[in-house]
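First comes the structure, then the notes that go with it.
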Amino acid sequence: MQTVLVTGGTGFIGSHTVISLHESGYEVVIVDNLINSKKEVLNRLERITGKRFKFYNIDCCDRDSLKTVFEQNKIDSVIHFAGLKAVGESVQMPLEYYSNNINSMITVLSLMREYNVNNLVFSSSATVYGQSEDVPFTEESPLGVCTNPYGWTKWMLEQIIKDCANAIPSLKVVLLRYFNPVGAHESGLIGEDPKGIPNNLFPYISKVAAGTLEKLTIHGDDYDTPDGTCLRDYIHVCDLAQGHVKALQYIDNNYAGVNIFNLGTGKGTSVKEAVAAFEKACGHEIPHVIGPRRAGDLPVCYASTAKAEQLLGFKASRDINDMCSSCWNWQVNNPDGLQD
Ligand code: NAD
Ligand code: UD1
């Protein structure tokens, strides 16, 4: 049985991926410093899977502590989710973002080299394509100019990983560029649990639907799109989780080097369509107003999924209604998120 070290494994995407890995027969070791997640996630994972996962409360930038994880476990592969991800916060706190996101990956890579661990899956983002309007984005689309430090950390880390793979011929890497992960596990026991007032659409709609926030502001309805609002490629987090299992399988069956895959559905959904789907899921209207455009927003962003379909055998199976209903189920069951 292969053992996968999942850094950031109590976070939103990490926790859902832990379930998929477990269901696919992998042994999982979780490292997270809980800077943006709760220890309660481990109890929830146990309720869902019947398994208590091995957990280390460690900062991935702390080399000495992280070394104990490699010392105590025979790690075969690493999925590196650990990182800070709030775009606005990254503009306010660039040093913290560069320091955490870059150093954690460098520390993990250096321990992988020391312990001869050769398989890596890295959480990248469609944000590396920058402001290009040439959609759909394929893995060959040129990398763009990012609009914020968070985006640049992904851009830089992709380069750092490619440089390491050049220097370490045995390294096998899959870079996964996520589009817009949303939704929650069908159990309603885990889901996205952002701190404070959410910036992203789904957590925001969810709080409005629950009555915690008064109304949604749609950021602009004068774009050159069918209903004037921006189109995004929302992907259910459980499909995304499955994409990580496919990535590990791909690594097992292929030569060393770096391979890049988009994880999306290939379909653009407008803000208005997302609101309508959420209204259907929660059974009542979502109060909303139209506001001005949000700086830095692309009118249209969606993935070409051809490469992931052909080479990974990955195709998302859940639609926008599944995303909304699972998100709502999580919200209803955990109105205040998780508490420790
Ligand atoms: P998340 O914040 O829910 O999960 C990240 C986890 O990493 C958290 O549990 C946090 O406590 C942990 N963490 C952060 N820094 C750490 C450190 N130095 N050491 C140990 N643990 C640390 O975020 P998520 O949505 O699950 O995202 C996971 C990854 O996917 C991130 O790298 C993120 O940038 C990337 N990503 C997310 C999205 C998205 O929309 N959610 C889109 C593209 C890429
Ligand atoms: C954002 C990040 C991106 C990150 C992605 C991860 C920005 C500028 N970009 O992308 O780097 O990779 O999340 O999921 O933050 N919207 C509203 N009202 C709201 C919130 C959002 O109308 O209150 C609209 C936005 O204008 C956008 C769409 O909903 O058109 C989706 O927004 P969001 O969920 O923030 O995702 P992205 O902007 O695609």
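The residue that is nearest to ligand 1 (Cβ to nearest atom), counting only those in segment 33-62 that are in contact (Cβ under 8 Å) with a residue 40 or more places away in the chain and outside any loop (DSSP other than H, G, I, E, B), is 41. Among residues of segment 202-224 that are surrounded by fewer than 16 Cβ atoms within 10 Å (Cβ to Cβ), those with a Cβ under 8 angstrom from a residue that is assigned to a helix (DSSP H, G or I), sequence gap 6+ or separate chain, pair up as 210/331; 210/332; 214/208; 215/208. Filtered by the rule that a residue be surrounded by fewer than 17 Cβ atoms within 10 Å (Cβ to Cβ) and polar (S, T, N, Q), segment 124-171 gives 131, 132, 138, 159, 166, 170. Annotation: of all residues in segment 1-25 being among the hydroxyl-bearing types (Ser, Thr, Tyr), closer than 19 Å to residue 69 by Cα and not in a loop (DSSP other than H, G, I, E, B), the one that is farthest from the chain's Cα centre (by Cα) is 3. Candidates are the residues of segment 23-49 that are more than 19 Å from residue 82 (Cα to Cα) and surrounded by 18 or more Cβ atoms within 10 Å (Cβ to Cβ); the one that is farthest from ligand 2 (Cβ to nearest atom) is 26. Among strands (runs of 3 or more DSSP E) entirely within segment 82-193, having at least 2 residues that are aliphatic (A, V, I, L, M) singles out 119-125, 172-178.
Contact annotation: residue pairs with Cβ atoms under 8 Å, 6 or more positions apart or on different chains, pairing a residue in segment 266-292 that is over 17 Å from residue 318 (Cβ atoms) with a partner that is of a type in the set (Ser, Thr, Tyr), are 270/225; 270/229; 271/229; 272/229; 288/217; 289/217; 290/217; 291/217. When 266, 257 are checked against the criterion of being modelled with pLDDT of 95 or more, surrounded by fewer than 18 Cβ atoms within 10 Å (Cβ to Cβ) and more than 21 Å from residue 193 (Cα to Cα), 257 stands alone in meeting it. Looking across segment 255-297, the residues that are touching a Phe, Trp or Tyr at 6+ places or on another chain (Cβ under 9 Å) and among the aliphatic types (A, V, I, L, M) come down to 263, 274, 281, 286. Against the test of being surrounded by 17 or more Cβ atoms within 10 Å (Cβ to Cβ), touching a Cys at 6+ places or on another chain (Cβ under 6 Å) and either of a type in the set (Ser, Thr, Tyr) or under 30 Å from residue 44 (Cβ atoms) (or both), the options 274, 308, 281, 303 yield a single qualifying residue, 281. Close contacts from segment 294-319, counting a first residue that is free of Cβ contacts under 8 Å to residues at least 60 places away in the same chain and a second that is in a helix (DSSP H, G or I), with Cβ to Cβ under 7 Å and a gap of 6+ residues or different chains, come to 315/309. Restricting segment 221-243 to residues that are within 19 Å of the chain's Cα centre (by Cα) and either hydrophobic (A, V, I, L, M, F, W, C) or part of a loop (DSSP other than H, G, I, E, B) (or both) leaves a set whose member that is nearest to residue 295 (Cα to Cα) is 231. Of the candidates 121, 117, the single residue that is crowded, with 18+ Cβ neighbours inside 10 Å, away from ligand 2 (no atom under 16 Å from the Cβ) and more than 21 Å from the chain's Cα centre (by Cα) is 117.
Residue-wise test of (1) more than 16 Å from ligand 1 (Cβ to nearest atom); (2) among the polar types (S, T, N, Q); (3) under 18 Å from residue 213 (Cβ atoms); (4) not in a loop (DSSP other than H, G, I, E, B).
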position	(1), (2), (3), (4)
251	yes, no, no, yes
258	yes, no, no, yes
265	no, yes, no, no
308	no, no, no, yes
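Per the conditions (1) over 30 Å from residue 76 (Cα atoms); (2) in contact (Cβ under 8 Å) with a residue 60 or more places away in the chain, the sole criterion not satisfied by residue 325 is (2). Against the numbered list (1) within 20 Å of the chain's Cα centre (by Cα); (2) of a type in the set (Ser, Thr, Tyr); (3) surrounded by 18 or more Cβ atoms within 10 Å (Cβ to Cβ), residue 56 comes up short only at (1).
The set of residues in segment 127-163 being touching a strand residue (DSSP E or B) at 6+ places or on another chain (Cβ under 7 Å) and without any contact (Cβ under 8 Å) to a residue 12 or more places away in the chain is empty. Of all residues assigned to segment 83-92, at least one qualifies as being within 25 Å of residue 249 (Cβ to Cβ), within 16 Å of ligand 2 (Cβ to nearest atom), at pLDDT 95 or above and surrounded by 15 or more Cβ atoms within 10 Å (Cβ to Cβ).
The values are calculated or read from the model by the stated rules, or taken from the named source; none is laboratory data. None of these values were measured; they are calculated from a predicted model. Don't worry about glycine lacking a Cβ; one is built from the backbone with ideal geometry, like all the others, and counts go over all protein chains shown.
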